[in-house]
Amino acid sequence: MQFDERCRIQLDALRQAGRAVILAIETSCDETAAAVIRDGRTIMSNVVSTQIPLHARYGGVVPEIASRAHVEAINTVVKCALDDAGLRLQDIDAIAVTNGPGLVGALLIGVSTAKALAFAAAKPLVAVHHMDAHISAAYLAYADLAPPFLCLTVSGGHTALTEVVDYGVVRTLGATLDDAAGEAFDKAARVLGLPYPGGSALDQLAESGNPRALTLPRAKTPNLFDFSFSGLKTAFIQLERKGALANITKEDAAASYRAAVVDMLADKTLRAAESTGHTTVVVAGGAAANRGLRTRLERETAARGLRLCMPPISLCTDNAAMVGAAAYYSIITGKATGSLTLNAEPTRSL
Ligand code: KG4
Ligand code: ZN
């Protein structure tokens, strides 16, 4: 039987059974990751090999270096994920992979690996959207979480406020008009002389700084739920050029900048919860690791009686466990279709 036809039959059987052990692969940017997830909720293994030290000397991700590093790591990472789960490839029900958005060369390594494994082991293949994966990380951390809910997704490449109306189905309320939140943190970190990706280091410095040391702008956007960070970034760079940052500590500069980003993210999220009536707020993506954002949202959602779901940091930054969770719901809702013609889609929309 042809691969695609068998894949359809296998996925249908998994949908009807409601059960699936999924081997998931993620290579969209600078982490080579593989995980084994049972029934969309249980992490049997979760292996991440980061390339950050390779890119740090260039101040950002170098796509060719990322692709090469993925090629070198992928087989070992997949083997580790299977070993940690105590399973062999034959024991897996489906193979999932992020096929976009992301860096095309990086995505292709994951997609080619997943296709080869699926073909060799006669397993169905499931393509996952990277943002759907970030959102689905919350299903791993909160066993009872189910749509609908409001989701703030803040990563190195995306920033969006969405209503998750069903598994894998989102309605976008707003998105960034320029930089992503993670990018905005990383660029300010660079101004402060912190190594790439500086978001986490800036966050660390901000913990002991004065958030009112600098006056920085909070952008207003025509659509209330859109975001814009370029004005803030430019203001910060101008202050550095004028020497104003030399008069205060790095901690104070970091705290002031973080407060401006967090104000914009938190204000819009809370207003979106109010206007849509959602009582559950999920935060997803690498920049959800930001302690300033976490503390602020914890305080303000509690004051409004909202449920806040923020996965642990290891599930917020890129990983394959979240890909396995998204793939499970894609199978269960009958959306998953696997084909050996699957390709990387660097600009795939959700
Ligand atoms: O989701 P992610 O791992 O990769 C993408 O899909 O982009 O997000 C990475 C981004 C980077 O910009 C990184 O600096 C940022 O998340 N990030 C943080 C923190 N930890 C990671 N930004 C602010 N504060 C943090 N603690
Ligand atoms: Zn990501």
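Bear in mind these aren't lab numbers, they're just calculated from the coordinates by the rules spelled out. Remember, predicted model here, so these are calculated numbers, not experimental data. FYI the Cβ positions are ideal-geometry reconstructions off the backbone, even for glycines, and counts take in every protein chain you see.
Some observations on this one:
- Here region 33-123 is assigned +1 on the Cβ of each Lys and Arg and -1 on the Cβ of each Asp and Glu. Its dipole about the Cα centre then comes out at about 80 debye.
- Axis of helix 130-141 versus longest Cα principal axis of the chain: the two differ by about 90°, to the nearest ten degrees.
- At R0 = 30 Å, FRET efficiency that the Cβ-Cβ distance of Asp144 and Arg291 yields, to 0.05: 0.70
- The Arg241 and Arg6 beta-carbon pair, evaluated with R₀ = 45 Å, returns a calculated FRET efficiency of approximately 0.15.
- Computed extension gain for Glu274 through Asp91, at 0.36 nm per residue and net of the alpha carbon distance, reaches 61.3 nm.
- Scoring 287-300, 98-111 by mean Cβ neighbours within 10 Å over their residues and listing the highest first yields 98-111, 287-300.
- Helix axis angle, 181-191 relative to the chain longest principal axis, alpha carbon, degrees: 50 degrees
- The ranking of Leu23, Leu82, Leu232 from fewest to most other beta carbons within 10 Å of each one's beta carbon is Leu82, Leu232, Leu23.
- Note on the chain: with a GNM built from Cα contacts shorter than 10 Å, the maximum mean-square fluctuation among Ala181, Ala327, Ala273 falls on Ala273.
- Gained length - Ala303 relative to Gln204, 0.36 nm times residue gap less alpha-carbon distance: 33.1 nm
- Qualifying GluC sites (Glu not before Pro) for region 202-280 [loop in DSSP, other Cβ within 10 Å: at most 13]: Glu207
- Residue-averaged 222 nm ellipticity for the chain, from DSSP H runs of 4+ at -39500 (n - 2.57), nearest 500: -14500 deg cm²/dmol
- Neighbour-count order for Arg348, Arg271, fewest beta carbons within 10 angstrom listed first: Arg271, Arg348
- Tilt relative to the chain, helix 230-241 - C-alpha long axis, 0 to 90 degrees, to 10: 50 degrees
- Residue order, fewest to most surrounding Cβ atoms within 10 angstrom, among Asp252, Asp166: Asp166, Asp252
- Max mean-square fluctuation residue, GNM over the chain, Cα-Cα springs under 10 Å, options Gly168, Gly305, Gly334: Gly305
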